[in-house]
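What follows is calculated from the coordinates using simple rules that are stated; it is not laboratory data. This is a predicted model, so every value here is computed, not measured. So basically every Cβ, Gly included, is an ideal-geometry build from the backbone, and we count neighbours across all protein chains shown.
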Amino acid sequence: MRINHDSLGGGLLVATGLFVAIYSLKTYELGAVSRMGPGMLPAVLAVLLVILGCAIAFPAMKQAGETISLNLRPLSAITIATILFGILFERFGIAPAVALMAFACTFAERKVGWRAKLLLAGFLAGLAVLIFPVALGMPIRIVRWPF
């Protein structure tokens, strides 16, 4: 048995599906098919996710594939960017939070230059401002200086 991309992905789908199924069965009332409770939809979707994960993982375990190498640079850049957005959004507003999140995400790839990083951060911040507070009218602060 070799662990390749498909077997790892299928295993993650199975693990996620099992977690959601157990959580929804313990937390929410399942109900009956004729009178569904709030836990029915997550439980059914979780079972379907487990079946899909098995359908992906089991055939992949029989195939020869390349061994997976874990690259920590993209994983850490995206994780840090997500945490930055969560910290900065409430304190500084949507524009700085999206700009710094996009800027931090660009460090996942080595080939992106500084000009491209700054252009992407500015474009995505402007797009987020146009979509959420302006077009949708959401009550989100665009820029806030807490000091």
Can you give the translational diffusion coefficient of the chain in µm²/s, computed by Stokes-Einstein from the Kirkwood radius over Cα pairs at 25 °C and 0.890 mPa s?
130
Looking at Met36, Ser24, Leu124, which one has the Cα that reaches farthest to the positive end of the dipole of the chain (charges on Cβ: Lys, Arg +1; Asp, Glu -1)?
Leu124
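Quick check on the exposure proxy: order Met36, Met101 from fewest to most C-beta atoms within 10 angstrom.
Least to most surrounded, the residues fall as Met36, Met101.
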Compute the whole-percent fraction of alpha carbon pairs in the range 72-135 spaced more than 16 Å apart.
45
What does the net charge come to around Phe92 if you take all other residues with beta carbon closer than 14 Å to its beta carbon, with K and R at +1 and D and E at -1?
+2
Restricting the range 7-92 to trypsin sites (Lys or Arg not before Pro) in coil, as DSSP defines it, with at most 11 other Cβ within 10 Å
Arg35
Taking only the alpha-carbon positions of the range 5-62 and ignoring solvent, what does the Debye formula give for the base-10 log of I(q)/I(0) at q = 0.15, 0.22, 0.27, 0.29 Å⁻¹?
-0.45, -0.73, -0.91, -0.99
What angle do you read, to the nearest 10 degrees and between 0 and 90, between the alpha-carbon axis of helix 114-129 and the longest principal axis of the chain?
80
Hey, what angle do you get for helix 5-27 against the long axis of the chain, alpha-carbon based, 0 to 90 degrees rounded to 10?
90
Amide H proximity to Met36 below 5 Å, modelled H, separation 5+ or other chain, gives none
